[in-house]
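**Student:** If you scroll down you'll find the structure; I have some questions about it.
Read-outs: derived from the displayed coordinates by stated rules, not from any lab. Only a predicted model underlies this, so the values are computations on that prediction, with no experimental measurement involved. For neighbour counting, all protein chains shown are included, and Cβ atoms are generated from backbone atoms with ideal geometry for every residue, glycine included.
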Amino acid sequence: MTPLFPAECIYALSAKEVIARLGSDLQRVLSAAETKALFVRYGSSTFPIAPLVPSRRRALAQFESPLAWLLIAARAISPYVWTLEGGRRAPYKALSLLAIAIANANY
């Protein structure tokens, strides 16, 4: 399989130039033989499909980031600080840190 335009950026060419290099025109449709020859020469026009990552692996992947560990540490310390401050109102800081850690979980 050879590349269509080896050392050039195809997006920099005009549509007419691309059609001329392909040896085609806009007035006729490719025959089955031409289609097969182009397929053999250039390959399929599809992108490879990436394998799916299991959800448990995606969930564990969030712990690779130092930011995630910082949020978890802040979440663990926040209730203790809340009790030292008197703990009269709801622990909004701890709850917001938990929400941020969950939102950071790349699902």
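**Student:** Taking the convex hull of the Cα atoms, report for the chain its projected area averaged over all directions, in nm². Show your work: numbers first, answer last.
**Tutor:** Details: hull surface 53.0 nm².
Approximately 13.2 nm², given one-decimal rounding.
**Student:** Okay, moving on. Can you work out ³J(HN,Hα) from phi for every residue in the stretch 91-96, in order, using Karplus 6.51 cos²θ - 1.76 cosθ + 1.60 and θ = phi - 60°, giving whole Hz and x for Gly and Pro?
**Tutor:** Using θ = phi - 60°, the values come out as x, 4, 5, 5, 5, 5 Hz.
**Student:** Between the DSSP loop rule and a limit of at most 12 other Cβ atoms within 10 Å, which GluC sites (Glu not before Pro) in the stretch 2-107 are left? Working shown, then result.
**Tutor:** Numbers: sites: 8, 17, 34, 64, 85; in loops: 8, 85.
Sparse-neighbourhood loop GluC sites (Glu not before Pro): 8, 85.
**Student:** Quick one: longest stretch of the chain between exposed loop trypsin sites (Lys or Arg not before Pro), exposed meaning at most 11 other C-beta atoms within 10 Å and loop per DSSP? Provide the component values of the computation, followed by the final result.
**Tutor:** Working: sites that count: 28, 88, 89.
Here the longest run is 29-87.
**Student:** Label points 7 Å out from Cα along the Cβ direction at residue 34 and residue 104: separation in nm?
**Tutor:** Rounded to a tenth, the inter-label distance reads 5.7 nm.
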